[in-house]
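The values are calculated or read from the model by the stated rules, or taken from the named source; none is laboratory data. Please read all numbers here as calculations on a predicted model, not as lab measurements. Don't worry about glycine lacking a Cβ; one is built from the backbone with ideal geometry, like all the others, and counts go over all protein chains shown. The accessibility values were calculated without ligands, DNA or RNA, using every heavy atom of the protein model including side chains. Shrake-Rupley method; radii C 1.70, N 1.55, O 1.52, S 1.80 Å.
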Amino acid sequence: MASYMEKVRQSSELSRRGFVKASAAATAALAVGGLAGCAPNKVEPAKEDKAPDVRNVTDGTWVTAACWHNCGGRCLNKALVKDGVVIRQKTDDTHEDSPDYPQQRACVRGRAQRNHVLSSDRLKYPMKRKSWQPGGGENSHGDMRGKDEWERITWDEAYTYIADEIKRIKDAHGNRAFFADGGPVSKFLSLYGGYIGHWGTTSRGAWTYTPDVVGIAPQPNEGINDRLDMRNSEVVVMFGTNPAWSSAGNPAYHLLQMKKAGAKFVAVDPFYNDSYALVDAEWIPCRPSTDMALFLGIANAMLELDGEKGLIDWDYLNAHTVGFDADHMPEGEDPAGNFKDYVLGTHDGTPKSPEWASKICGVSPENIRYLAELVGKDNKAAILMAWASARTHNADCLPQLVMTLGAMGGHFGKSGHSRSFSGGTYLIGAGSNGLPSIKNPLAATESINDTEMWNAIVDGKYTYAGGSTKKVPGEPREVDIKLIYHDSMNAKLQTTDGQAKGIEAHRKVDLVVTHSLFMTTNAAYSDFVLPIESYWEKEGGFLQGNREALIYHSKVIDRMYECLSDEEIASEIGKRLGLNSEEVFPFGVKQQLFNQFAGAYIVDEAGEKQPLVTITEDDIKEWECEGEPQEGVLGMKELIEQGMYQIPRSPDDGYTYIAYEKFVQDPEANPLKTASGKQEIYCAPLRDAINGIGYSKIEAIPTYVPPQEG
């Protein structure tokens with residue numbers, strides 16, 4: 001089979017000069033002989049002076065092309081492919097665009113995906129760090145990671161080196177010496193006796209674990225109102241949000257619909273950004289990482305102004321929360337520990353007044369009182385807050401405090417009142433690929449939190465706290481990591497806190513392996529870098545989407561260079577460890593994709609799930625897969641050809657979602673999954689969990705913790 005670069009050269013319609021003008025693939029073609037990350041690539045100027053303008057090329061096949069940037073948008077990208085060559089891209093044109101039924105339009109990053117996939121910087125073949133030698137210790141020359149030269153090796157050499165070192169490390173140090181990211185190779189390490197993994201988040205911060213303990217829906221889409229209902233909001237207060245950059249699909253478009261419907265926008269942020277400009281938001285500057293102080297000042301101002309302006313929904317607080325005041329504390333807890341008295345300074349002598357908050361956050365007392373009025377109970381207010389502010393130290397109680405402000409204004413369970421961007425449970429989704437779950441034998445007893453991951457490897461000790469699903473009192477443990485394995489395009493070193501310490505950790509161990517498309521930071525500090533295929537090269541394709549649309553991502557081009565899939569690499573290493581690859585991958589990628597189609601669902605307006613895809617006996621025979629016929633909304637071929645199925649929406653449809661509606665209407669009959677069944681402004685379980693782990697110290701109510709105490 002001709003390689004992608006050969007197809008570019010052989011294209012009958014495009015001269016080499018024309019393709020250079022039209023596609024980044026030419027750059028990749030001219031650089032194919034270079035070592036990524038070693039030396040600059042030279043591109044010789046083409047001799048032809050005339051070439052066809054490929055912008056006018058219309059023949060070829062449009063296929064749906066994946067965009068895997070981590071923005072959460074999951075928009076529709078299509079690539080025009082002719083003779084195996086990508087000519088250009090476009091976005092959603094499957095239906096007419098409208099605010100109710102918006103096209104899933106790609107952002108500029110998604111539309112430039114071709115430049116990403118076909119970049120000359122792609123890793124092209126397996127490489128080994130030159131001074132690294134097997135055996136561990138001084139043989140590794142770990143101090144040269146990030147400085148050393150690279151040498152090209154064969155896949156067989158790479159597999160043998162890596163598998164032999166894994167065997168040696170296990171024999172000498174045991175499975176607790178393995179540290180891995182949880183990708184396909186990790187599954188084989190699980191079969192091989194296990195490995196130490198990690199838990200935490202580099203995205204949602206405290207929004208990951210705090211919400212379900214205090215009484216906010218743990219899934220972000222379940223805790224906020226439907227996008228069509230958001231147009232009923234009268235006031236939108238945005239704290240540190242910029243979806244035009246961070247989630248550049250439709251979220252900013254939905255904000256624009258709220259603006260057109262008459263909502264007033266106010267932005268509280270250290271910077272005035274594109275999203276605020278889009279909706280002509282009034283800007284209130286504040287200092288970074290001071291949200292806790294600001295929100296406490298707003299709460300104080302709401303109490304101060306309530307007698308005059310009636311800002312607080314006392315009925316909501318009394319019926320749906322615990323711990324706001326001394327009369328509504330959980331049984332057995334000291335009444336003096338309530339939130340209201342803390343904010344007023346009743347016992348500590350420090351009222352958390354707007355003046356107090358202003359000295360910390362930089363927002364004037366007048367503006368803090370202004371914000372308090374905006375989020376008062378008589379306004380249909382949407383409080384929109386991004387995750388970044390919860391990624392700072394001492395932010396464990398931030399979601400709890402945001403919930404408290406929302407409860408004070410009664411902004412739960414009602415139309416026009418919301419707490420974040422468009423939400424509701426998914427109305428459409430893909431099925432599972434059907435692969436078995438491989439249990440890591442060490443998962444129940446060993447797991448390092450991301451905040452101390454690199455320190456643990458460097459210092460040889462960490463705090464065991466039960467992992468991501470079950471928190472236990474923190475227990476100091478010793479650890480001696482010898483292997484760091486990054487697969488599935490993982491980017492831990494450049495996205496996790498403490499990069500300098502992370503580099504030190506990578507230089508300490510005996511072996512570091514990275515799978516990647518590019519010479520990322522992980523790869524640069526590795527001993528072996530293994531080139532993997534992009535999702536455009538993935539055999540068969542896969543299904544992925546958002547709340548209202550499911551997209552079929554096709555295979556766009558043939559695999560480039562010597563790139564392989566994570567699964568293939570993992571299987572080959574597993575075989576050399578004496579493991580049976582069929583235990584992890586009992587069937588191929590075609591069956592995995594078929595399973596996704598077979599399990600794809602759509603929710604009707606009555607809230608019932610039904611199959612999305614019609615599968616016939618002929619489909620099963622054609623695909624040569626295991627499965628049963630079923631009736632759905634559209635056929636497999638139709639979905640593949642269209643590339644997407646999106647649910648049409650209208651304001652009067654049955655899909656409108658009001659978060660917490662049942663709980664608000666009858667909290668006794670519809671309790672939350674908290675200790676009290678209510679929203680816990682005083683939450684002893686959160687306090688005990690955080691303090692027991694030992695990373696930081698908090699109170700049961702959200703309080704301000706000065707930075708020096710973090």
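Between SER650 and GLU333, the simple spin-label model (points 7 angstrom out along Cα→Cβ) gives 4.8 nm. Model label sites at GLU622 and HIS393, defined 7 Å from Cα along the beta-carbon direction, differ in position by 6.0 nm. Which parts of region 517-537 would a label at ASP450 reach, counting a residue when its backbone N lies under 19 Å from a point 7 Å out along Cα-to-Cβ? Within reach of a label on ASP450: 520-523. The 3J(HN,Hα) values that the Karplus relation (6.51, -1.76, 1.60; θ = phi - 60°) gives for region 606-623 are, in residue order, 8, x, 9, 7, 9, x, 7, 9, 7, 10, 9, 4, 5, 4, 5, 5, 5, 7 Hz. Gly and Pro appear as x. Taking only the alpha carbons of region 128-184, we obtain Rg and Dmax values of 12.4, 31 Å in that order. For the chain, the solvent-accessible area works out to 42 Å² per residue, with a probe of 1.4 Å and every protein chain left in place.
Remark on LYS678: its backbone amide H falls under 5 Å from those of LEU672, a criterion applied only to residues 5 or more positions apart or on other chains, H modelled at 1.01 Å from N.
Once the Cα atoms are used to define both axes, helix 499-508 deviates from the longest principal axis of the chain by about 50 degrees. The simple spin-label model puts a point 7 Å past each Cα toward its Cβ; for TYR272 and GLU631 those points are separated by 5.9 nm. Working value for region 538-614: equivalent-ellipsoid semi-axes of 32, 17, 9 Å, each the square root of 5 times a Cα gyration tensor eigenvalue, largest first. Peptides 186-196, 124-134, ordered by how many other C-beta atoms sit within 10 Å of their residues on average, highest first, read 186-196, 124-134. Distances longer than 19 Å among the Cα atoms of region 260-417: what percent of all pairs is that? It works out to 56 percent of all Cα pairs. Taking 0.36 nm per residue of sequence separation and removing the Cα-Cα distance, the SER432/THR61 pair yields an extension gain of 130.7 nm.
In straight-distance terms, cross-link reach from LYS359 covers every one of the lysines whose alpha-carbon lies under 22 Å from its own, apart from those fewer than eight places away in the same chain; here that gives LYS340. If you take all other residues with their beta carbon under 14 Å from the beta carbon of GLY194, and give Lys and Arg +1 and Asp and Glu -1, the sum is +3. Calculation over all alpha carbon pairs of region 86-217 in 5 angstrom steps from 0 returns a P(r) of 2, 7, 9, 11, 12, 12, 12, 11, 9, 7, 4, 2, 1 percent.
Here the Karplus curve 6.51 cos²θ - 1.76 cosθ + 1.60, taken at θ = phi - 60°, turns the phi angles of region 101-116 into couplings of 10, x, 5, 8, 6, 6, 7, 5, 5, x, 6, 9, 4, 4, 5, 6 Hz, with x standing for Gly and Pro. Amide H contacts for TYR464 (H built 1.01 Å from N in the peptide plane; partners 5 or more residues away or on another chain; cut-off under 5 Å): GLU475, ARG477. Based on the Kirkwood approach, the hydrodynamic radius assigned to region 587-647 is 12.0 Å, with every pair of different Cα atoms included.
When each of the peptides 225-233, 115-123, 609-617 is scored by how many other beta carbons lie within 10 Å of its residues on average, the order from highest to lowest is 225-233, 115-123, 609-617.
Backbone amide hydrogens, once placed in the peptide plane, bring GLY545 within less than 5 Å of ILE551, excluding anything fewer than 5 places away on its chain. Applying D = kT/(6 pi eta Rh) to the chain, where Rh is the Kirkwood radius over alpha-carbon pairs, T corresponds to 20 °C and eta to 1.002 mPa s, the Stokes-Einstein value obtained is 76 µm²/s. Taking a straight Cα-Cα cut-off under 14 Å and skipping sequence neighbours fewer than 8 places away in the same chain, the aspartates and glutamates within cross-link reach of LYS501 are ASP143, ASP450, GLU452, ASP459. Working note: Karplus 6.51/-1.76/1.60 with θ = phi - 60° gives region 130-146 the couplings 4, 8, 6, 9, x, x, x, x, 5, 4, 6, 6, x, 5, 8, 5, x Hz, where Gly and Pro are set to x.
Mean residue ellipticity, 222 nm, helices only, the chain: the sum of -39500 (n - 2.57) across DSSP H runs of n ≥ 4, divided by residue count and rounded to 500, is -8000 deg cm²/dmol. Between the residues PHE178, TRP155, LEU118, the greatest Cα displacement towards the positive end of the dipole of region 109-193, with unit charges on the Cβ of Lys, Arg, Asp and Glu, is found for LEU118. One chain, two ends: ILE640 and LYS130. Fully extended at 0.36 nm per residue, the span grows by 179.1 nm beyond their Cα-Cα distance.
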